[in-house]
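The structure appears right after this line, and notes come after that.
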Amino acid sequence: METFERKIFTGERALFGARDLTLTDCIFEDGESPLKESAGLTLRGCSFRWKYPLWYGHDISLRDCVLTDAARAGIWYTENISLTDTVIEAPKTFRRARGINLTNVTMTNAAETLWACRDITLQNVSAKGDYLLMNAEDVTADHLLLNGNYAFDGAKNVILRSSKLFTKDAFWNSENVTVYDSYITGEYLGWNAKHLTLVNCTVESLQGFCYIDRLTLQNCKLINTTLAFEYSTVDADITGAVDSVLNPAGGTIRADHIGQLTIDRDRVDPTKTTVIVREDA
């Protein structure tokens, strides 16, 4: 395996089609697509400072690396890539890629990142930016810290654990999403989703959980959550109170207290929903 150490690369396609390289403490300066069509790369302590550094590659490992703001749209159409202890400052990283493993990664501008990607594992990842993971599939995330709106729009087959999401309009149009032991705050959570499940979660959401087909809440807290469940089929076991519930389409809602329950017979069939308020039992 060829090795480069403390080298500075410039110009377009500087190492185009590279195979089986180890690069340590190298800098990729100006010049698009420096490692396009590459495979079998190990990068340690490297810095990417221009666009499209890792397109159409496979079997690539990065550790202690930086993709600067100018390295936008950095990793597209690539398979089997891992990033560890790495900072990504650029937007639109990862598009139509698969086999992505991120561990201890910070994404300071994650706008439009991880779009239409598959087979994704996130461990201790922090991200700031809108539209993260749009149309992504087969995602597992543990300790994800997200600050950005419209996350997981259209995503399928997602498992989140021990995460904190500060995002409005999250999980819209998603399918088969399960969230464990997490905190989510943001209005309009989960609209138009199919088979959305939350377990041991705390949620704050104006008009959350509407238009959902098969919503499940197990031992969840809904704090400052109003106008919930409109036109959703729901099996909800809520710990504590929910401020208001509006026109659920069907299922069962259990809570210690419901501040306001509205079921409009002109809009939904009230016989399809069972509401159990434990403080009245």
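Would you check if residue 241 is touching a Phe, Trp or Tyr at 6+ places or on another chain (Cβ under 9 Å), surrounded by 16 or more Cβ atoms within 10 Å (Cβ to Cβ), among the small types (Gly, Ala, Ser) and more than 16 Å from residue 151 (Cα to Cα)?
No; evaluated as a whole, the condition is false for this residue.
When the residues of segment 72-105 are narrowed to those that are of a type in the set (A, V, I, L, M) and crowded, with 24+ Cβ neighbours inside 10 Å, which ends up farthest from residue 21 (Cα to Cα)?
90
Select, from 64, 69, the only residue that is charged (D, E, K, R), out of contact with any helix residue (DSSP H, G or I) (no Cβ under 9 Å at 6 or more places or on another chain), within 25 Å of residue 135 (Cβ to Cβ) and surrounded by fewer than 18 Cβ atoms within 10 Å (Cβ to Cβ).
On inspection, the qualifying residue turns out to be 69.
Being in contact with a Cys (Cβ under 7 Å, 6 or more places away or on another chain), farther than 16 Å from residue 126 by Cβ, crowded, with 17+ Cβ neighbours inside 10 Å and at pLDDT 95 or above is the requirement here; does residue 191 meet it?
Yes, satisfied.
Let's see how each residue does on (1) under 23 Å from residue 145 (Cα atoms); (2) more than 23 Å from the chain's Cα centre (by Cα); (3) among the hydrophobic types (A, V, I, L, M, F, W, C):
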site	(1), (2), (3)
9	no, yes, yes
25	no, yes, no
45	no, yes, no
48	no, yes, yes
60	no, no, yes
65	yes, no, yes
78	no, no, no
90	yes, no, yes
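Per-residue answers, yes or no, for (1) aromatic (Phe, Trp, Tyr); (2) without any contact (Cβ under 8 Å) to a residue 12 or more places away in the chain; (3) surrounded by fewer than 21 Cβ atoms within 10 Å (Cβ to Cβ); (4) closer than 28 Å to residue 140 by Cα:
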residue: 163; (1), (2), (3), (4): no, no, yes, yes
residue: 169; (1), (2), (3), (4): no, no, yes, yes
residue: 180; (1), (2), (3), (4): yes, no, yes, yes
residue: 199; (1), (2), (3), (4): no, no, yes, yes
residue: 205; (1), (2), (3), (4): no, no, no, yes
residue: 222; (1), (2), (3), (4): no, no, no, yes
residue: 259; (1), (2), (3), (4): no, no, yes, no
residue: 264; (1), (2), (3), (4): no, no, yes, no
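Being loosely packed, with under 14 Cβ neighbours inside 10 Å and either assigned to a strand (DSSP E or B) or touching a residue at least 40 places away in the same chain (Cβ under 8 Å) (or both) is the filter here; which residues of segment 6-34 pass it?
8, 19, 20
Given the conditions (1) within 22 Å of residue 67 (Cβ to Cβ); (2) under 10 Å from the mean Cα position of the chain (by Cα); (3) β-branched (Val, Ile, Thr), and given that residue 158 satisfies all but one, which numbered condition is not satisfied?
Single failed check for residue 158: (1).
Taking the condition of being touching a strand residue (DSSP E or B) at 6+ places or on another chain (Cβ under 7 Å), surrounded by fewer than 22 Cβ atoms within 10 Å (Cβ to Cβ) and either at pLDDT below 95 or not polar (S, T, N, Q) (or both), how many residues in segment 135-161 meet it? Spell out the reasoning first.
Pass one, segment 135-161, residues touching a strand residue (DSSP E or B) at 6+ places or on another chain (Cβ under 7 Å): 135-148, 151-152, 155-161.
Going one step further and asking which of them are surrounded by fewer than 22 Cβ atoms within 10 Å (Cβ to Cβ), we end up with 135, 137-138, 140, 142-143, 145, 147, 156-157, 159, 161.
Next, only the ones that are either at pLDDT below 95 or not polar (S, T, N, Q) (or both) stay: 137-138, 142-143, 145, 156, 159, 161.
Here the count works out to 8.
Kindly establish whether residue 94 is in contact with a Ser or Thr (Cβ under 9 Å, 6 or more places away or on another chain) and within 22 Å of residue 144 (Cα to Cα).
The answer is yes for residue 94.
The values are calculated or read from the model by the stated rules, or taken from the named source; none is laboratory data. Worth saying up front: this structure is predicted, and the values here are computed from it rather than measured. Every residue, glycine as well, gets a Cβ built from its backbone with ideal geometry; the counts of neighbours run over all protein chains shown.
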